[in-house]
Structure formats: structure tokens, C-alpha cells
Amino acid sequence: MNEFTNLQLYGTRNDVSANAKSVSIQALSERLADGIDLALAIKQAHWNLKGAQFIGVHLMLDTFRNELDDLNDKVAERIVQLGGTACGTVAAVAARSRLAPYPIDAHAVGSHIVALADRYADFASAVRRNIDDTDEAGDAGTADLFTELSRGVDKQLWFLEAHIQEAAGSMPGPGRITDR
Ligand SMILES: [Fe+2]
């Protein structure tokens, strides 16, 4: 039993073990809250961006949102497939999200890129742990879904960071990501 499975668990013919279901429902529910929080942050940035890169980032963020909505939907549906309840209300997400609250006073394009990249990095790190935890618990299907989610958020993090990483050959400076 955990904070997510003490909601009613439905019996199902799905024969993933009870322990694996509990581990997976916990992990999926945590990431559903984070993922919906991040989806809302993406629109906050999409609407309020100001700066020379406006249109490119504005349009990019809509592709992020569409891709993340699809991944969040798969996460929610996996919870229900395992007998759990997918909790996607604003109140549930606000109570459960582990991401830092998104700044509503940010406007500069660079501020939004950094704020989003920070949250994507935290989200991606949690998803990576979930891959291992659900695999070790014996739920390969959920581990595979987390692997798909991991690739998706890693790609979006790359798109974000490419806006703020200094190009190779430029002067070294704070935050420069060096080739190894
Ligand atoms: Fe729009």
C-alpha cells in the first residue's frame, strides 16, 4: 500500500505481480503529476515569452506540449491498466508534483528556457530512476513506457539547452558545456 494505491485498486486479469503493480502505480502517479505540471508550464512560457527569439520558441513549445500530452496520456492509462486511478485534477497535481513551482513573473525568452530546462532535467532524472525501479519490480511494460518517456523528455531538454549552450570554439565561460 502507498499513497496512490490506497485509493481503490481494481481487480484485473493483468497478471503483473501485486508488488510490481504497487511500485508502478506509485511511480506512474508521481510522474503523471510532474508531467501535467510541466505541460502547464510549457503553455505559461508559450504565452508570455518576450524577446528576439519569440516566434521560434513559441512554436517549438507547442510541439513540446503536444508530445508531452501524448506521453502523459500513456502514463495515465498505464495506471488504470494496472488497476489504479489516474489523478489529473488541478488539486491532485498541485499536491503531488515534485517540480519547483513555475515562475509566473518570467518574460524574457532566456528566463523561460532556463526555467523549463531546470524542470525538464529534474523530471528526466526521476523518469530514469523509475525505469530501473519498475524493471527491478518485474513490470517490463511500465519500464518500457518510462524508457519512451525518458527519450522524449531528453530530446526536449536538448532542444531547450541548445538555445543556451555556447557553441564550440567560443570563449569558455560560466555554464559552458565542454566536449569530453
Ligand atoms: Fe498558442
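A few points about this structure:
- Three-way shape call for region 1-74 based on the alpha-carbon gyration tensor, with the a/c threshold at 1.5: prolate
- Ordering of 23-29, 87-93, 44-50 by burial proxy (mean other Cβ atoms within 10 Å per residue, highest first): 23-29, 44-50, 87-93
- Helix 140-161 axis, angle to the chain major axis (alpha carbon atoms, nearest 10°): 10 degrees
- Contour excess over end-to-end distance, with Cα ends at ASN19 and ASP144 and 0.36 nm allotted per residue: 43.2 nm
- Length gained when the stretch ALA108-GLN53 is fully extended (0.36 nm per residue, less Cα-Cα span): 18.8 nm
- Residues of type aspartates and glutamates that LYS74 reaches as a straight line, Cα spacing below 15 Å, ignoring anything fewer than 8 places off in the same chain: GLU30, ASP34, ASP144, GLU148
- Using the Cβ-Cβ distance between SER125 and ASN66 with R0 set to 35 Å, the FRET efficiency works out to roughly 0.90.
- Acute angle (nearest 10 degrees) that the helix 18-48 long axis makes with the longest principal axis of the chain, alpha-carbon atoms: 30 degrees
- Computed from the C-alpha gyration tensor, the three semi-axes of the ellipsoid equivalent to region 21-180 are 30, 19, 12 Å, from longest to shortest.
- Against the main long axis of the alpha-carbon atoms of the chain, helix 109-137 sits at an angle near 30°.
- Dipole in debye (nearest 20) - region 18-161, about Cα centre, beta carbon charges: Lys, Arg +1; Asp, Glu -1: 320 debye
Quick note: the coordinates plus some simple rules give every number you see, no bench work behind them. Computed from a prediction, not measured in an experiment: that's the story for all the values here. Methodologically, a virtual Cβ is constructed for each residue, glycine included, from the backbone with ideal geometry; neighbour enumeration extends over all protein chains shown.
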